[in-house]
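S.K.: Below are the structure tokens for one structure; questions will follow.
Derivation of every value follows stated rules applied to the coordinates shown; laboratory data play no part. As the structure is a prediction and not an experimental result, all values here were calculated from the model. Positions of Cβ are backbone-derived with ideal geometry, glycine not excepted, and every protein chain shown enters the neighbour counts.
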Amino acid sequence: MLPTIDGHFWVVRNGKILDTDFAEYSMIKKFHNLTGNMVYKEADDLTQTLMIIKFRRALNEVGLCEDDYVELKKGIYNGKVVANDCYYNSLLVMKEGDELKFGSMGWKKKNGDGIWWEYGGEDWTGIKAFLK
């Protein structure tokens, strides 16, 4: 139903990022020798806008709005956030005044050699870069 992406959605409320650090992420961090908290890199404004529109249109094509989608998923996930469903997770926690963001997310490498981008990438630009 929704586009398959290699990217990440999160919410910003009063300048603070709202995103869940799932237990599953610890395995990724251990496997790739990563450390610290999640690191975010917003896509450019146009890419963010187009990605949000793309997701909303996909929902509309099956007769759903974002609120309907959240209610449907809440029934499936017992109202909880879940790993690998960042769009749902973001919509679930969003309140009026929050910002929905899209881009890349990863962790710092322990050897200090940059960021491992689990979702997205360092120099990814344009919507096509994030679509699978």
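S.K.: Restricting attention to the stretch 9-30, which residues are assigned to a strand (DSSP E or B) and either surrounded by 12 or more Cβ atoms within 10 Å (Cβ to Cβ) or in contact with a Lys or Arg (Cβ under 7 Å, 6 or more places away or on another chain) (or both)?
M.R.: Phe9, Trp10, Val11, Val12, Arg13, Ile17, Leu18
S.K.: Can you pull out every residue in the stretch 83-102 that is of a type in the set (Gly, Ala, Ser), outside any helix (DSSP H, G or I) and touching a Phe, Trp or Tyr at 6+ places or on another chain (Cβ under 6 Å)?
M.R.: Across the stretch 83-102, the qualifying residue is only Ala83.
S.K.: While we're on this one: Taking the residues in the stretch 20-51 that are in contact (Cβ under 8 Å) with a residue 12 or more places away in the chain and polar (S, T, N, Q) as candidates, determine which candidate is nearest to Lys108 (Cα to Cα).
M.R.: Among them, the one singled out is Thr35.
S.K.: Let me ask something else. Within the stretch 31-56, work out how many residues are assigned to a helix (DSSP H, G or I), over 13 Å from Tyr87 (Cβ atoms) and among the charged types (D, E, K, R).
M.R.: Number of matching residues: 1.
S.K.: Here's another thing I want to ask about it. Restricting to the stretch 102-126, give me the number of residues that are within 22 Å of Val12 (Cβ to Cβ) and surrounded by 13 or more Cβ atoms within 10 Å (Cβ to Cβ).
M.R.: Looking only at that region, the number is 14.
S.K.: Check Ile76 against each of (1) under 15 Å from the mean Cα position of the chain (by Cα); (2) assigned to a helix (DSSP H, G or I); (3) β-branched (Val, Ile, Thr) and name the one condition it does not meet.
M.R.: (1)
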